[in-house]
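Working notes, beginning with the structure itself.
The values are calculated or read from the model by the stated rules, or taken from the named source; none is laboratory data. The structure presented is a predicted model; accordingly, all values stated were derived computationally and were not measured. Ideal geometry is used to build each Cβ from the backbone, glycine not excepted, and the neighbour counts take in all protein chains shown. Ligands, DNA and RNA are excluded from the accessible area calculation, which covers all protein heavy atoms including side chains. Shrake-Rupley method; radii C 1.70, N 1.55, O 1.52, S 1.80 Å.
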Amino acid sequence: MAFSVKKRTNHRLNEIEKLQGPIEFLPNSYGDRFIPRRYALSRSSRFKAESKPEQKVDPMVMKDMPGYWRTHHYSSVLKDVFGLVSNNDTILSFSDSTTRQVCSHLSMKRRLKCVVRPTYSNIQRLDWSCHPRTKPIGFIEAVHDLPNIKTYYHKIIDWSVAGQIAAIFSKKLVIWTPNTDVIIGLRAQYTTSIAFNPAGDRLAMAIFMMNRPWLDILNVEANAIGSHVALKMLDPLEHPVSCLTWDGSGQNVVCGFGNGQISIVPIHTKNPCNDARNNNYCVHKALIIAIKFSCGSKYMATADDLGQLYIWYWNGGHLTPITCWASSMCAFFDWHPWREDEIVIADSEPIMIALYHVPSREVVSYYRRQDCDCIVTTLSFNKISGELVVCYSFTDMNKQPEILVLASMDRVVDVMRNHDDAIVHLLWSPDGKQLASVGYDETLTIWNFFGISPTNECKRRKRQCEAMASSSSSRGGSVVGGLAGGRDVSRIHSNRNKEATYRDLASSFLFKAMR
């Protein structure tokens with residue numbers, strides 16, 4: 001009898017230990033009316049690599065309604081209004097009686113967690129690790145005119161960590177800094193590709209002159225801008241460099257040629273003009289259009305204009321092939337900003353966007369567009385939030401190209417429109433808060449992705465201080481009047497910004513011709 005009681009007690013203790021930790025399953029309904037649990041409901045639009053999408057409605061078909069895809073976080077707004085503390089107070093948060101009773105019986109300080117599937121430390125259970133913005137607050141800061149920019153090349157513009165933007169035109173290389181009037185023009189008639197080094201003090205320029213490819217390293221420091229650091233002839237001959245980039249250390253320049261060859265050119269700090277031998281790889285059969293490194297430079301990916309995409313191991317200037325991705329047309333890709341093993345690959349037509357896990361060689365999730373009414377022209381991850389920016393161009397010439405911001409394969413956070421032709425380049429500012437888009441319409445649009453930029457913030461504070469100082473120092477004005485004047489200035493400026501955001505700043509574009 002004592003053995004039976006002891007056995008039942010141990011069994012009860014084991015059950016309690018199981019309930020105290022994360023559990024694998026809870027009933028899908030509870031109560032007399034069988035009310036379903038919110039967290040047990042399967043997402044109607046969850047995509048899996050081994051099965052087709054469950055839903056029949058395309059989640060990326062836009063409605064002609066302003067703000068249709070904008071997520072309004074009422075709980076966050078109410079918490080701010082009532083001054084609630086997130087760790088202690090909750091609002092618009094619900095739990096059923098079963099969970100409350102079990103927690104009270106076990107005297108637990110935390111609620112039970114329902115583990116459905118591994119989420120790779122992603123609390124929101126999105127397809128990739130992402131911290132979406134609370135709400136889409138991006139707006140246009142400026143629009144630059146880029147006449148005669150070499151849109152037929154694939155790496156014609158770059159944004160350095162020092163804040164400089166460089167672009168190649170028909171006969172010039174133009175370097176400027178946004179929000180300033182400093183513009184530098186250099187002769188670069190035969191330049192085919194450019195790229196800043198990780199430090200932002202040197203610019204690699206690929207030149208094709210006299211049927212010979214050259215690599216020119218240019219100094220772009222403020223005190224010696226325009227001076228040549230190194231000039232080197234590349235091999236193979238009679239094939240221009242179509243795309244180039246620096247590795248994470250800044251010691252090597254990876255060049256992709258028109259015939260598909262990849263060359264790794266070492267650039268040494270002490271003697272940049274040395275005759276060190278280049279490492280050449282002939283895997284691609286067509287012109288290289290993109291070369292990108294993962295966030296930690298563990299991997300490198302290359303793509304050509306026939307739809308072949310190769311993923312490589314990178315080891316200090318040497319490449320080892322891992323796998324190949326074949327597309328019917330051009331494939332665009334970008335590495336996740338902080339997860340080194342994940343890359344997003346998009347087939348241009350028909351549209352298919354896939355999240356690929358390199359070590360396991362598996363597609364984690366994907367999206368396939370049902371209609372063939374548009375193509376993908378480029379994509380890029382935001383380095384801060386992890387949101388994926390995808391550019392669409394429609395076959396209907398009357399429809400404007402769209403920039404979609406995705407937090408998941410089935411979650412469109414925002415839609416931005418401004419260009420009149422296909423968008424082919426996406427660049428991020430050094431702090432990751434501004435996005436620059438370049439299209440075939442020869443315009444560059446700078447989007448404020450996270451709200452007010454540091455430059456505008458400083459100007460706004462300066463205006464507020466000046467307004468408060470002038471109000472308080474005016475004759476017959478009291479201190480209360482001075483403070484009221486400061487509040488009025490702040491309120492008017494805020495309203496003006498909101499109106500400009502909703503109107504897409506149509507009347508306040510800053511057109512600056514980069515000639």
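Key figures
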{"read-out": "Single residue of Asn382, Asn418 found to be in contact (Cβ under 8 Å) with a residue 12 or more places away in the chain and farther than 25 Å from Ile311 by Cα", "value": "Asn418"}
{"read-out": "Boolean, Leu106 is at pLDDT below 80, surrounded by 14 or more Cβ atoms within 10 Å (Cβ to Cβ) and out of contact with any His (no Cβ under 8 Å at 6 or more places or on another chain)", "value": "no"}
{"read-out": "Boolean, Arg212 is open to solvent by 30 Å² or more (accessible area, probe 1.4 Å) and within 15 Å of Ser263 (Cβ to Cβ)", "value": "yes"}
{"read-out": "Verdict on Thr378 being among the hydroxyl-bearing types (Ser, Thr, Tyr) and over 18 Å from Asp334 (Cα atoms)", "value": "no"}
{"read-out": "The one condition in (1) at pLDDT below 95; (2) open to solvent by less than 50 Å² (accessible area, probe 1.4 Å) that Glu221 fails to fulfil", "value": "(2)"}
{"read-out": "Subset of the range 149-172 (residues that are part of a loop (DSSP other than H, G, I, E, B) and not aromatic (Phe, Trp, Tyr))", "value": "Lys150, Thr151, His154, Ile156, Ser160, Val161, Ala162, Gly163, Gln164, Ser170, Lys171"}
{"read-out": "Total residues in the range 382-415, condition under 20 Å from Pro350 (Cα atoms) and part of a loop (DSSP other than H, G, I, E, B)", "value": "8"}
{"read-out": "Those residues of the range 224-243 which are open to solvent by less than 50 Å² (accessible area, probe 1.4 Å) and under 14 Å from Asn279 (Cα atoms), in sequence order", "value": "Leu234, Pro236"}
{"read-out": "Hey, Glu402 of a type in the set (D, E, K, R), open to solvent by less than 20 Å² (accessible area, probe 1.4 Å) and out of contact with any Gly (no Cβ under 8 Å at 6 or more places or on another chain) or not", "value": "yes"}
{"read-out": "Selection status of Asn259, outside any strand (DSSP E or B) and either surrounded by 22 or more Cβ atoms within 10 Å (Cβ to Cβ) or touching a residue at least 24 places away in the same chain (Cβ under 8 Å) (or both)", "value": "yes"}
{"read-out": "Residues located in the range 369-379, provided they are open to solvent by 10 Å² or more (accessible area, probe 1.4 Å) and without any contact (Cβ under 8 Å) to a residue 60 or more places away in the chain", "value": "Cys372, Asp373, Ile375, Thr377, Thr378"}
{"read-out": "Residue that is nearest to Asn223 (Cα to Cα), among those in the range 157-171 that are of a type outside the set (A, V, I, L, M, F, W, C) and surrounded by 17 or more Cβ atoms within 10 Å (Cβ to Cβ)", "value": "Gln164"}
{"read-out": "Spans of strands (runs of 3 or more DSSP E) in the range 274-328 with at least 1 residues open to solvent by less than 20 Å² (accessible area, probe 1.4 Å), in contact (Cβ under 8 Å) with a residue 12 or more places away in the chain and not aromatic (Phe, Trp, Tyr)", "value": "288-293, 299-304, 308-315, 318-326"}
